[in-house]
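The structure appears below as structure tokens.
Rule-based calculations on the coordinates, nothing more; no lab input. What you see is a predicted model, and the numbers here were worked out from it, not measured in a lab. All Cβ positions, even for glycine, are placed from backbone atoms using ideal geometry, and neighbour counts span all protein chains on display.
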Amino acid sequence: MDKQVACSRLDVCTGDITKLDVDAVVNAANNTLLGGGGVDGAIHKAAGPELLDLTRTLGGCPTGEARVTPGFRLPARWIIHTVGPVWRGGDQGEPDLLRRAYRNSLQLAREKGVRTIAFPAISTGVYGYPKAPAARIAVEEALLAADNFERILFCAFSQGDESIYRQVIEELCK
Ligand code: ADP
């Protein structure tokens, strides 16, 4: 697909991902899929206890893979749960695992007919992945998949994080 068309499908915002009216939100989950802190905790709280009732039955998720559930009480119809890598210095396969988390999430979303999807900055909170290289991987994978979506939204949680995404998009879309 033409790069500028792909780029026009990307968007960035700052705020709470649980509030977004999109077909699917992505959760930066952990291997248990049983909830946790950060965005995972926010998603479980907003979706309601039915989410945990369901994720208990899924048997967890390996790092780099993705699983889908309904959104329950979220505005989003689906939640794509993916597990990014814990940052251990960068030479333990972290970039490849983060790339796979984005790619597998987008693939699963596509299989569900999702047209609009929002990502948090996977692995950049408690898991410690440096934000700029993580944003670059996120944007690269979104551009590769953009022909399957109307809109791919990067939901930052601070203005500083939003500006990191904007810089990466400007660089990759010029
Ligand atoms: P990880 O364990 O993958 O690092 P975290 O949840 O700790 O996941 O952090 C991932 C990113 O999500 C961080 O940039 C954090 O600031 C952000 N975040 C936390 N809560 C929310 C939320 N409600 N909506 C969007 N992003 C959030």
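Structure summary
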{"item": "Those residues of segment 104-132 which are outside any loop (DSSP other than H, G, I, E, B), within 16 Å of the ligand (Cβ to nearest atom) and closer than 23 Å to Gly36 by Cα, in sequence order", "result": "Asn104, Ser105, Ile117, Ala118, Phe119, Lys131"}
{"item": "Single unsatisfied condition, Thr63 versus (1) under 17 Å from Phe154 (Cα atoms); (2) in contact with a Pro (Cβ under 7 Å, 6 or more places away or on another chain)", "result": "(1)"}
{"item": "Of all residues in segment 37-47 being touching a residue at least 24 places away in the same chain (Cβ under 8 Å) and under 14 Å from Tyr127 (Cβ atoms), the one that is surrounded by the fewest Cβ atoms within 10 Å (Cβ to Cβ)", "result": "Gly37"}
{"item": "Residue that is farthest from the ligand (Cβ to nearest atom) [pool: residues in segment 16-48 that are β-branched (Val, Ile, Thr) and in contact with a strand residue (DSSP E or B) (Cβ under 9 Å, 6 or more places away or on another chain)]", "result": "Val22"}
{"item": "Matching residues in segment 62-102 - criterion: being among the basic types (Lys, Arg), in contact (Cβ under 8 Å) with a residue 40 or more places away in the chain and closer than 16 Å to Pro133 by Cβ", "result": "Arg99"}
{"item": "Filtered residues of segment 80-105 (kept if more than 16 Å from the chain's Cα centre (by Cα) and under 16 Å from Val139 (Cβ atoms))", "result": "none"}
